[in-house]
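Note sheet for the following structure.
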Amino acid sequence: MAATHYAFRAQKTAGIADGPSWEVSSRIPTDTTAARCYAHSLDGEWFAYAEGSNVHVLPSSSTSTTSTITINQPNVLALTFSPLSTNLFTFERPVKQDNGEMHRNVKAWDVKTGEEVNGWHSKNMDGWEPIITSDESHLIRPQASDISIFSPPLSSKPIVRARVEGVKGLFLSSPTKPAVAIWIGEKKGAPASVSLYPLSSLLGKATETRDLPNTMARKAFYKADKLQVKWNNAGTQALFLAQSDVDATGKSYYGETNLYLISLDGSFDGLVDLDKEGPIYDFTWSPNSREFVVCYGYMPARVQLFDMKAKPVHSFGSQHRNFLLYQPQGRLLLSAGFGNLAGGVDIWDVSTRNKVAEFKASNSSHCEFSPCGQYILTATLSPRLRVDNGVKIWWCGGQLLHIQPVEELYQASFSPRLVKDIQPFPPVVPKAPEPNESVAKYGKKGDTVNGAESKPAGAYRPPGARGTLASDIYSRRDDDKPSGSGASTPTPMFRGGKPAGRYIPGAPIPGSVPKEAPAEDKKKRTRKRGKGENGATNEEKEKVEKVTEELAKVEVKDKDNKEDGGDDSNSKKIRNLTKKLKAIEELKARLANGEVLERTQVKKIESENQVRDEIASLGGSA
């Protein structure tokens, strides 16, 4: 088995780095510049890259004795291998021919000999890759008014043409008995639809033109300007994410998203019900084909595990995450926040539902597991970000092992392997090897290099809402857990030298005895009373004295009330808590009348006992 290695491509260089030392090998010449693209074969045996006027095909392993094949083909923009690495496909920009014929800008080459085998025309680069079954028995090419199926894949004429209008996409599953998902867009008010067919149901007699057969696996829907389809490894179910460019409700700038699940046998089809509003950032199938994970909702987003019937199984909590990735063996799940997020990465053990590691990969725009499942590659690519470009290799336990800065890095990836060649992952995460010298040389201060967990910041609370039990229900977290900044017991009167309640600088502390004024200040006040403020007459003085006497009576009543209910600060707290209790009673009455309440209102009702206990602790009665 070949050692784990990764390839990279930049403006001024390209190469292959072999693990575990991650030193760049000499398989690609060091003077290689302006490589336009590269591709690995699915089994990891071959590697191809295009530069200038040539395409080079070489064995991916450093121990192979096979020589490099050079194909004289200029202006290649993209490469891909067939599933069994029999052929290499290249894509060029389409140009007009002098004789008026269509330019064959997609060409197939024999990997072993480097000879051109076949070719055809593709209008644009989106979706140019040939759709070939895993055993290379059939090739499917969707066109404007039909779907053509070729067997053998590079034959000149199709064996079947299936008539269908408005095809916007075709997605093939990968098992030995493949199936296809056909996306037909909206037309004249009719909804869009996704239909699943076993490939065998589309085949017929040679050179036959036929209509699409009937299928039980079909889902119709609106609001689908873009569609992303993911089959499970078994090829029995497909998830598809429908996204519209505009959100009619105005809640999201990025449009509206909906996730659907459909079974090939028609036993299940429907919308995946998500319990939090907001966009869907990512979704992925487990390698066991029985579960899938979705990251959704306004930030902090929720990461939720679902079963084959789209029922929630487990929540991994709410964090600032927008990217999901399963380990090839399916033991670990990676959730991360890339792009405009800070780059936090969580590693979860799917079987125990526990977090294995947490680290921060700032500015990353690409992430993937190695085939062995022990290494994680993160890369900062250009033009997404033109500074700090490079590759980082992490251990699956969160430790940083290698850093390779590369100026204007365009592409980086591990060499893949077939599923049957992937070794099982041990029951316990292995101990991480020692990091190489590049970590100490290029690592920045403050970077997490040992997989240590960062301390959560917690939810922000205004000063007036801090330190009370009832205020826990107003936390922004929605995972039914108290936030990290809240307290589980009432805060004492003083914290950090200041009252826990509202504090006005310069004012006396509630409950304290007011300080007596100095004697000189008393004399000045007496003189002012004798003279009268602003030249007041005796009649005005008498009126002021009467008002003062009435205020004194009111103060005596307030004092009696304070003696019964506690000090001034406690009485204010009791009044506020009583208002909350009254609001809870109103919500309970609305709930009894059959009205549907929001999640925050239900949580407020659940906090009734907390409010009553806090009133009792302050000396009040509820």
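The values are calculated or read from the model by the stated rules, or taken from the named source; none is laboratory data. No experiment lies behind these values; they were computed from the predicted model shown. Reconstructed Cβ throughout: ideal geometry from the backbone, glycine too, with neighbour counts over all protein chains shown. These accessible areas exclude ligands, DNA and RNA; they are computed on the full protein's heavy atoms, side chains included. Shrake-Rupley method; radii C 1.70, N 1.55, O 1.52, S 1.80 Å.
The rows are residues; the columns are (1) modelled with pLDDT under 90; (2) under 20 Å from W46 (Cβ atoms); (3) not hydroxyl-bearing (S, T, Y).
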position	(1), (2), (3)
S82	no, yes, no
F89	no, yes, yes
Q97	yes, no, yes
H103	yes, no, yes
W109	no, yes, yes
H121	yes, no, yes
S134	yes, yes, no
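For region 582-602, enumerate the residues that are touching a residue at least 24 places away in the same chain (Cβ under 8 Å) and within 25 Å of S621 (Cβ to Cβ). It would help to see each step written out before you state the result.
Of the residues in region 582-602, the ones touching a residue at least 24 places away in the same chain (Cβ under 8 Å) are 584, 599-600.
Listed by number, the list holds a single entry, I584.
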Long-range neighbours under 7 Å by Cβ, at least six apart or interchain, first residue within 13 Å of S335 (Cβ to Cβ) within region 289-313, second among the acidic types (D, E) and part of a strand (DSSP E or B): C295/D282
Subset of region 247-272 [loosely packed, with under 13 Cβ neighbours inside 10 Å and under 22 Å from G297 (Cα atoms)]: A248, T249, G250, K251, Y253, Y254, G270
Total residues in region 321-336, condition over 14 Å from D282 (Cα atoms) and part of a strand (DSSP E or B): 1
Residue satisfying condition, being in contact with a Phe, Trp or Tyr (Cβ under 7 Å, 6 or more places away or on another chain) and open to solvent by less than 20 Å² (accessible area, probe 1.4 Å), within set S364, S289: S364
Residues that are over 19 Å from Q11 (Cα atoms) and part of a loop (DSSP other than H, G, I, E, B), drawn from region 402-423: S415, P416, R417, L418, I422, Q423
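Before we move on, is A310 over 22 Å from P191 (Cα atoms) and under 16 Å from the mean Cα position of the chain (by Cα)? Steps first, answer last, please.
Values: over 22 Å from P191 (Cα atoms): yes; under 16 Å from the mean Cα position of the chain (by Cα): no.
It is false that A310 is over 22 Å from P191 (Cα atoms) and under 16 Å from the mean Cα position of the chain (by Cα).
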Number of the exception - A3 against (1) more than 28 Å from I140 (Cα to Cα); (2) crowded, with 21+ Cβ neighbours inside 10 Å: (2)
Checking S318 against (1) among the polar types (S, T, N, Q); (2) closer than 26 Å to I184 by Cβ; (3) not in a loop (DSSP other than H, G, I, E, B), the condition it does not meet: (2)
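Among the residues of region 221-233, is there at least one that is touching a strand residue (DSSP E or B) at 6+ places or on another chain (Cβ under 9 Å), under 23 Å from S173 (Cα atoms) and acidic (D, E)? Walk me through it before giving the result.
So in region 221-233, the residues touching a strand residue (DSSP E or B) at 6+ places or on another chain (Cβ under 9 Å) come out as 221-233.
Those left that are additionally under 23 Å from S173 (Cα atoms): 221, 224-233.
Now restrict to residues that are acidic (D, E): 225.
Taking every residue of region 221-233 in turn, at least one turns out to be touching a strand residue (DSSP E or B) at 6+ places or on another chain (Cβ under 9 Å), under 23 Å from S173 (Cα atoms) and acidic (D, E).
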Within region 300-326, tally of residues that are open to solvent by 40 Å² or more (accessible area, probe 1.4 Å), among the hydrophobic types (A, V, I, L, M, F, W, C) and more than 18 Å from K360 (Cα to Cα): 2
Total residues in region 256-293, condition farther than 30 Å from S200 by Cβ and of a type in the set (S, T, N, Q): 2
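Residues R353, R384: which one is surrounded by fewer than 17 Cβ atoms within 10 Å (Cβ to Cβ) and either modelled with pLDDT of 90 or more or out of contact with any Ser or Thr (no Cβ under 7 Å at 6 or more places or on another chain) (or both)? Reasoning before the result, please.
Values: R384 fails: either modelled with pLDDT of 90 or more or out of contact with any Ser or Thr (no Cβ under 7 Å at 6 or more places or on another chain) (or both).
Among R353, R384, only R353 is surrounded by fewer than 17 Cβ atoms within 10 Å (Cβ to Cβ) and either modelled with pLDDT of 90 or more or out of contact with any Ser or Thr (no Cβ under 7 Å at 6 or more places or on another chain) (or both).
Filter region 170-210 down to the residues that are part of a strand (DSSP E or B) and surrounded by fewer than 18 Cβ atoms within 10 Å (Cβ to Cβ) and list them by number. It would help to see each step written out before you state the result.
To start, the set of residues in region 170-210 that are part of a strand (DSSP E or B) comprises 170-172, 179-184, 187, 190, 192-198, 208-210.
Selection gives L170, K187, A190, S193, E208, T209, R210.
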Residue count, region 73-131 (criterion: assigned to a strand (DSSP E or B) and free of Cβ contacts under 8 Å to residues at least 12 places away in the same chain): 1
From A301, A242, A310, residue being at positive phi and among the hydrophobic types (A, V, I, L, M, F, W, C): A310
